[in-house]
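For reference, the structure discussed in these notes is given below.
The values are calculated or read from the model by the stated rules, or taken from the named source; none is laboratory data. What you are looking at is a predicted structure, and each value in this text was computed from that prediction instead of being measured. Reconstructed Cβ throughout: ideal geometry from the backbone, glycine too, with neighbour counts over all protein chains shown.
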Amino acid sequence: MTATAPSLDAVIASVSRSKAVRARRRVVVISILAVLIMAVAAISLMIGNTVYSVTDVARVVLGQDVDGASFTVGRLRLPRMVLAIVVGLSFGIAGVTFQTMLRNPLASPDIIGISAGASAAAAFAIVVLGLSGTAVSVFAITAGLLVTLVIYVLSHQAGSAGTRLILIGIGIAAMLEAATQYVLSQAGQWELQAVLRWLTGSLNGASWEQTLPALIALLVLGPVLLSRRHDLDAMRLGEDAASALGVRIERTRLVVVIAAVGLIAFATAATGPIAFVAFLAGPIAARIVGPHGSLLVPAALVGALLVLSGDVVGQNVLNLRYPVGIVTGVLGAPYLVYLIIRTNRSGESL
Amino acid sequence: MTTAHALTATDLTVGYGDTTIISDLDLDLVAGAITVIVGPNACGKSTLLRSMSRLLPPRSGQVVLDGRSIHGMPAKELARTLGLLPQSPIAPEGITVADLVGRGRHPHQGMFTRWSRADDVAVAEALIATDTADLADRAVDELSGGQRQRVWIAMALAQDTDILLLDEPTTFLDVSHQVEVLDLLTDLNRRRGTTIVIVLHDLNLAVRYADHLVAMRDGEVYASGSPETILTPELIESVFGISAAVITDPTSGKPLMLPIGRHHMVDRGGPDAADGPAGHPASD
Ligand SMILES: Nc1ncnc2c1ncn2[C@@H]1O[C@H](COP(=O)(O)OP(=O)(O)O)[C@@H](O)[C@H]1O
Ligand SMILES: [Mg+2]
């Protein structure tokens, strides 16, 4: 239309060049995150009360017998490290799924009461009903889905959701946290660490038995979410635009909510609601990969990195040992305050 | 270039919650033509477009594309034939123009066959057609309203559908950008034979660009046909509730609507009425 219309070939070349640049940046960021996770994972196996060398740790991981290290590394640190990665991936991918679907960073399951529901139910099942293992997970998942349903129904009564859903969710989260505290106050002889697990989340006493259900949930539900990542990405344009692009909105929303709540619930049943990991992983991932392409994988990796390094810091850096949820809580709280202030000013935003 | 598709609404009734917005509406889109829908605010134009493109399920009646109900078709298959630019789409924070336009390729991609050469070509063509190629690497949120609107249209073009519905694509644009957008859509219609449906607010631009005009009122099609035959003072009065004169536009030869308000009438008998700005003659 203009006098100097660029040639089609030139524009094609530049379109595919920008595409390649964006793809390369993604690969680089994802690789760096993966390498960082491996590095922190290795550190978490090496340091602690006793420090073991890389070779000792490597031999234990490969199944050889090493004096002392076999127990400390193989039985204590290894399951703890794997559990940290599994729940970190789960919280990260489930959190960013909600944030993307509802186009709001405050819509993360740990802000709007889904984690709090899972955590209250798990605490109730353990403390009051004396249950353990899979039964606890079943309780946590059911409660997570119920809370989701309640928030959805309450916020949908007057037309659209948005900010209303988030405010209702925050209120429900506060009530459920109070319920958890009440249940724990009935627990009697419980040691401090067990209590803290259900309030802020902790990896203390991690075992393979505890890791397995969360790992299976991740292996089943993670791919379900990943298979919907392009649809989720299209939903960032608004539901009308996404639907016009061939996304089945209702079906996508249903599948994605069930998978994400399932992941949150299994992870919460294993470690308690590790504070703010689901909430922080997405925005951090968005900051480092940029606005292009799906955030599910980068956010999952950021979640794993947050939990792993939060635990290493909590266990080793300070003179007291703090559960990982306290460390991530200290990171997440200021960001939550910042977002609430920003939402208040601008009404709503991504 | 394109195959002619028939998109028809029969006995269509749609609404939200308990309220019915559109009842028993019949509409036959003229294949290969530009249809413009006009009507007062809240009369159901967006609702009609949304239900013609599967966004809203009908309460009763149906929308049929080439003999098949669109609500029974696979979503992506439909999205390769029928595109919709909604009234207020959302640009994710920081997204670049080329990336946003590339989103239009979604229905052409499967889970494993993601980006191909054909996608690059479609995006490049859409950028050139909308004159946005030099903006390709800019962030959408940095653009002016007119540029941004052209980018959204580019996304709809990249979708490469034979039927394209656009909900108020010119709102918020100044008059030169409005004309630019409508010229662009006319080019698309003439070059590719794309069937185009546009919701417009400006009645005179609607008449100028429409092959076929649909006037809606209270969720019904009040009148439809060629603009020359249906645009009368009576139609304007009953659809928009304003009295108007209709003359012939000297440029296009099409009808031109001149609204008649309560002020600024030429008082042919006496001195100029006192309501114009001082020293501004009402006519010479
Ligand atoms: N999502 C919705 N939920 C409930 N009512 C709606 C919704 N969208 C539109 N409406 C109502 O439907 C009627 C028609 O709206 P719409 O189709 O957007 O009109 P138009 O596009 O002609 O201005 C209005 O009264 C509007 O308030
Ligand atoms: Mg509208």
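Below is a table of values for the structure above.
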read-out	value
When residues of the stretch B:95-118 are limited to those that are more than 21 Å from A:V289 (Cβ to Cβ) and not basic (K, R), the one surrounded by the fewest Cβ atoms within 10 Å (Cβ to Cβ)	B:F112
Pairs, first under 14 Å from B:L78 (Cβ atoms) and facing chain A (nearest Cβ under 10 Å) in the stretch B:47-67, second within 16 Å of ligand 2 (Cβ to nearest atom) and acidic (D, E), C-beta under 7 Å, six or more apart	B:R50/A:D240; B:L55/A:D240
Candidates B:I236, B:I260, B:I242, B:I247, filtered to the one that is over 17 Å from B:E168 (Cβ atoms), crowded, with 17+ Cβ neighbours inside 10 Å and free of Cβ contacts under 8 Å to residues at least 60 places away in the same chain	B:I236
Leading residue by the ranking (farthest from ligand 1 (Cβ to nearest atom)) among those in the stretch B:1-23 that are away from every other protein chain (no Cβ under 14 Å), exposed (fewer than 15 other Cβ atoms within 10 Å of the Cβ) and of a type outside the set (V, I, T)	B:M1
Qualifying residue in the stretch B:163-171 (condition: more than 16 Å from ligand 2 (Cβ to nearest atom) and either closer than 26 Å to B:L205 by Cβ or small (G, A, S) (or both))	yes
Test for B:E142: is it within 7 Å of chain A (Cβ to nearest Cβ) and exposed (fewer than 15 other Cβ atoms within 10 Å of the Cβ)	no
Residue among B:V123, B:V179, B:V199 that alone is surrounded by fewer than 21 Cβ atoms within 10 Å (Cβ to Cβ) and either touching a residue at least 24 places away in the same chain (Cβ under 8 Å) or away from ligand 2 (no atom under 16 Å from the Cβ) (or both)	B:V179
Single unsatisfied condition, B:F172 versus (1) farther than 25 Å from B:I247 by Cα; (2) among the aromatic types (F, W, Y); (3) buried (at least 23 other Cβ atoms within 10 Å of the Cβ)	(3)
Selected residue (criterion: farthest from A:A41 (Cα to Cα)) from residues of the stretch A:55-110 that are β-branched (V, I, T) and in contact (Cβ under 8 Å) with a residue 60 or more places away in the chain	A:T100
Qualifying residue in the stretch B:49-60 (condition: more than 9 Å from ligand 1 (Cβ to nearest atom), polar (S, T, N, Q) and surrounded by fewer than 21 Cβ atoms within 10 Å (Cβ to Cβ))	yes
Filter result for the condition that a residue is at pLDDT 90 or above and surrounded by fewer than 20 Cβ atoms within 10 Å (Cβ to Cβ), over A:I37, A:I93, A:I43	A:I43
Number of positions in the stretch A:1-57 that are polar (S, T, N, Q), facing chain B (nearest Cβ under 8 Å) and part of a loop (DSSP other than H, G, I, E, B)	1
Any hit, the stretch B:165-181, residues being modelled with pLDDT of 95 or more and over 28 Å from B:A42 (Cα atoms)	no
Counted residues, the stretch B:148-162 - those being farther than 27 Å from B:A6 by Cβ and within 16 Å of ligand 2 (Cβ to nearest atom)	1
Qualifying residue in the stretch B:26-41 (condition: within 14 Å of chain A (Cβ to nearest Cβ), within 16 Å of ligand 2 (Cβ to nearest atom) and either crowded, with 20+ Cβ neighbours inside 10 Å or closer than 27 Å to A:R228 by Cβ (or both))	no
Segments classed as helices (runs of 4 or more DSSP H), wholly inside the stretch B:19-133, with at least 3 members that are of a type in the set (S, T, Y)	B:45-52
Filter pass, A:P79 being closer than 30 Å to A:A286 by Cα, outside any helix (DSSP H, G or I), more than 14 Å from chain B (Cβ to nearest Cβ) and not small (G, A, S)	no
Among the residues listed as A:V66, A:V87, the single one being out of contact with any Phe, Trp or Tyr (no Cβ under 7 Å at 6 or more places or on another chain) and in a helix (DSSP H, G or I)	A:V87
Members of the stretch B:75-111 that are among the basic types (K, R), farther than 20 Å from A:Q99 by Cβ and within 7 Å of chain A (Cβ to nearest Cβ)	B:K76
